[in-house]
Every structure is written in structure tokens, then in C-alpha cells.
Amino acid sequence: MIWIWAVLLVIGLWVLGFFAARALRKPGPPDRRIGDRRIGPRRAAETGPPTAPVSEEAPQAERRVRGPDRRGKDRRRGRRAWPIVTVLVSSLMLAGIGVVTYAETRVGSFFAETTPELVGSGWASCDTPVTWSVDTSRLTPAEANLATAQMTADFAKWGAASGLNFQFVGEVPIIYNDTTLQVTSDVHPSDRHIFVGFLHDAESSYIDSRTVGFAAPSKVFANRKEIVEGSVVLSIEYVSQVSGRKESALFLHEIGHALGLGHGTEKADVMYPIVGTTNNLSPADIEGIRALVRACRPGTGG
């Protein structure tokens, strides 16, 4: 949360510069302090409706009105350069902090806020593929074909970014547990597998108009921080009514969770908490998944 401290620092520097300017300012004629040019616009603004809607153009209009007042001769005469210097220094410091913050920002581990001892867990990069299956029995044939094709493409994107080899093994019926919020099956195609299931909203207590999918690693070897099974659950109501781009954005996001990724911090990230139309992995997404990939160990399929 370094940005919070940055904002507080800028505010503190501005307040310091403001009071320094007031202390050093030469006294001027009364109209310089209470004339119409200073209080007129402010009084008008204060008497306006407090809940009036603000348009996109409002901030620019406000700057145009207040600009001459800030730069006007009456307000400039007798002032020191402290406020200006303070703003410049604050801006430079904020810019520097912003660069540092951005450089440190990345898509982290799924377990960062829940299971610290598993932070950094990921899939092993072995010669044998990570298999994945899907249960589209609740979808129409057309929806099933589109969803399977799109998910195949999205697994390929994660594969290209991570170096992991994903292999589709077809339809596998899932068993959903509404307590653990995971899907599994009596059929286990391989030792390293991701189950994908499509459910109606009424079938899960967790799916609603705002939560349209969820996923997680479902089996992890804690001693070597290796994920060997994942679970992906997707809302049929959402998938059946959105565009292919939004569908892809959702699939990529939830696959990322099953691979061990947490949420991103930028809207450009596929792993950003609010899923929209972003269906291309950002540099942070790619950096995050590459950091989680484990070296293949003997006995894990390599």
C-alpha cells in the first residue's frame, strides 16, 4: 500500500508549503483578500446543489474557471514561490514513488491472503502434459462447442506464457461440492489435471449476478509447493449471453487461478478482480505465471 503513503506525503508537503506561504506573504489591500474575484466563484459553488450530477467535462471546466484566479495578478503579487516549489517537489516525489510501485507490482500467488505457507506454489514444468477436461452436459451443443474451442485457445495462451504443456482430454463428468466450492470427478485422466465445470447459478450458493466464475488449485504437495490438481467453475447464465471476447476473458482469469495466480492490480491484467473484456495476458500476468512454474522432479512425470 505504498501509494497511500505517497498521497499522505504529498498532502503533508502541500499543507507545509501553504502555511509557509501565508507566513511569508506580504499583507495587501483588503480587496486582494476579500474582493469578488476570490469569493464570488467560491460562494456560487458552495450554494449549488450538493448532489448535482457531475459530467465528464466538469473537471476541465472547473480548471478553466479557477485557472485565471490562481494566476491572477492580485493573488500572485506578494506571494513567495513556496507553494509552487512544494507542488513541483511533491509531484517529482510522487512520480518517483509511482515508478517504484509499478515496478514492484505483479500478479502474485493465489495463496497470499489465505494460506501463507503455500505462497509460491505452482505447476511443475514436466514433459508429460497437464491435462484438462470439461463438463458441458448442461450447455446446449452449440454453446458446448463454442466454449470448448474458446477454452482450448485460452489454455494455449497460458501454455505459451508459462512453458507448461496443456492437453485437452475431452468430456469428464464433474462432481460439485458447494462447501469446498470445487469440482472433481470419479474419473481422473492423469496425475496432473484441471477439471472445468459449467453450472447453473441455482446449483451453487456462490454464483450470482456478480460472481460469474471461480477457481482454485484443489490439490497441492505442500512439501515441494507443487500444484497437481485444479478446479474451475463457470456460470452458464453468464457464458450463454456474453460475447466471445468476454467469455475468453472469464476463462483466462479462472484458469489463471487454477494455475496458482492471485488477482492483479491493473485493469490491463487478465487477473484483475473485475473481469471485463481483457483476453490478452499482460506483462504482469506473464511474469506472475513464470514465477510460479516449478522445475520437474523425479516421479512427477518428466
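The values are calculated or read from the model by the stated rules, or taken from the named source; none is laboratory data. Bear in mind the structure is a predicted one, so any value in this text is a computation, not a measurement. Using ideal geometry, Cβ is built from the backbone for each residue, glycine included, and neighbour counts are taken over all protein chains shown. What goes into the accessible areas is simple: the full protein's heavy atoms, side chains included, and nothing from ligands, DNA or RNA. Shrake-Rupley method; radii C 1.70, N 1.55, O 1.52, S 1.80 Å.
Quick notes on this one:
- Solvent-accessible area per residue for region 186-302 (1.4 angstrom probe, square angstrom): 45
- A cut-off of 5 Å between modelled amide H atoms, ignoring neighbours fewer than 5 places along the same chain, links Ala124 with Ile227, Arg294.
- Using a probe of 1.4 Å on the protein chains alone, the accessible area found for Thr184 is around 50 Å².
- Mean accessible surface per residue for region 137-185, computed with a 1.4 Å probe while every protein chain stays in place, in Å²: 51
- For Ala295, net neighbour charge (Lys/Arg +1, Asp/Glu -1) across residues whose Cβ lies under 15 Å away: +4
- Taking 0.36 nm per residue of separation and subtracting the current Cα-Cα distance, fully stretching the chain between Ala295 and Arg245 would add 14.7 nm.
- Estimated from the Cβ-Cβ distance and a Förster radius of 41 angstrom, the FRET efficiency linking Asp191 and Asn280 is about 0.85.
- Carbon and sulfur %, accessible surface of region 236-291 computed with the full protein complex present, 1.4 Å: 50
- Protein heavy-atom surface of region 116-172, 1.4 angstrom probe: 59% of the accessible area is carbon and sulfur, with nucleic acids and ligands not counted.
- Segment Asp127-Lys267, extension gain: residue separation times 0.36 nm, minus the distance between their alpha carbons: 47.0 nm
- What the Cβ-Cβ distance of Val169 and Glu117 gives, at R0 = 30 Å and to the nearest 0.05, is a FRET efficiency of 0.45.
- Other residues with beta-carbon under 9 Å from the beta-carbon of Ile227 carry, at +1 per Lys or Arg and -1 per Asp or Glu, a net charge of +2.
- Pairs spanning more than 24 Å between alpha-carbon atoms, out of Lys219/Lys267; Lys225/Lys267; Lys246/Lys267: Lys219/Lys267; Lys225/Lys267.
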